[in-house]
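Notes follow once the structure below has been shown.
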Amino acid sequence: MNTRLPRGRPFRLAVCLALVAALTGCTQLNLGLTVTSDDTVTGQLLLTVDKAELTSVDPGPVLTPLDPRWPAFKRWRNNVPAAFAELRRSLPALPPGDETSYDNDKSYGVLISYHEKPLSHFNSAGVNLARDGDLHRFTLSLDPTKYGEKATQYDPQTQQKALQSMSIDISVTFPGRVIETNGTLVGRSVSWKLIANQPKPAELRAVAEVPTTPSAAAAPASSRSFPWLLIVGGVVVLLLVAGVVVLLLRRPRGPVAAAPTATTPAPTTPADHPGPV
């Protein structure tokens, strides 16, 4: 009997259905981004799932121990990284960055770091961050029907259930004033804290102004003149100090006081002292 595990779409869909059914309330998405006026982004994204749920997926009526595919399914179920990878495939693509595995006693996931990444890296079906003229626009869609190819590969209702079961904590800081958002605004930072298994909006959004900056042509000139200003300023200070020293040296000196001498009585004439009579 051929017990090779089929890798077609039906089996993948069955696996994903089983995962989503088990992962209610134990998937967390944390995202923190800072946007700069030169259209680069720095931050981190952390997606984690409870290990206990990844290793206790019940395929229900999809597969049974009598099914020839059961041994392979069981091996997959006991492989935490493989189970997480399968779950991740059902979610919208994450912005590309420097990925490392996140693994602790309770959770497993992926940590993606962004360091001065261009906005073009944040144009996925899920997370979208772009410049629109004089505005920065951020959106995170929680509507599976807008996930492009993923919307046809996976059941939208199953994806919606997975998204609703997620705990989401997101913060985005813009370089300019925020003019529109459905999140919590503090200064130039917008945040969303969505609890698992609670109703969520179809989209998280924020719009901010791009701060006015000097023209690209003027910026290099300004940067070149800055060291010269310091040099000229230093020369002027040195000249002033030298001038003060010269003035002090050329200042006329007063007469030197003579050293005191002992006074002697003036000689007297004979008339002053007559002799004896």
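The values are calculated or read from the model by the stated rules, or taken from the named source; none is laboratory data. All figures in this text were calculated on a predicted structure; none of them were measured in a lab. All Cβ positions, glycine included, derive from the backbone under ideal geometry; neighbour counts span all protein chains shown.
Just one of (1) at pLDDT below 80; (2) more than 21 Å from Ala196 (Cβ to Cβ) trips up Glu86, so point out which.
For Glu86, the failing item is (2).
At pLDDT 65 or above and loosely packed, with under 12 Cβ neighbours inside 10 Å: is that true of Leu247 in this structure?
yes
Being of a type in the set (S, T, N, Q) and modelled with pLDDT under 60 is true for just one of Thr27, Thr40, Thr3. Which residue is that?
Result: Thr3 is the single residue among Thr27, Thr40, Thr3 that is of a type in the set (S, T, N, Q) and modelled with pLDDT under 60.
Could you tell me whether Val232 is modelled with pLDDT of 95 or more and out of contact with any strand residue (DSSP E or B) (no Cβ under 8 Å at 6 or more places or on another chain)?
It is false that Val232 is modelled with pLDDT of 95 or more and out of contact with any strand residue (DSSP E or B) (no Cβ under 8 Å at 6 or more places or on another chain).
Could you run through the stretch 190-203 and say how many residues are at pLDDT 95 or above and either within 13 Å of Met166 (Cα to Cα) or hydrophobic (A, V, I, L, M, F, W, C) (or both)?
The qualifying residues number 3.
Quick check on the stretch 117-125. Is at least one of its residues surrounded by 15 or more Cβ atoms within 10 Å (Cβ to Cβ), modelled with pLDDT of 90 or more and farther than 17 Å from Thr34 by Cα?
No: the stretch 117-125 contains no residue that is surrounded by 15 or more Cβ atoms within 10 Å (Cβ to Cβ), modelled with pLDDT of 90 or more and farther than 17 Å from Thr34 by Cα.
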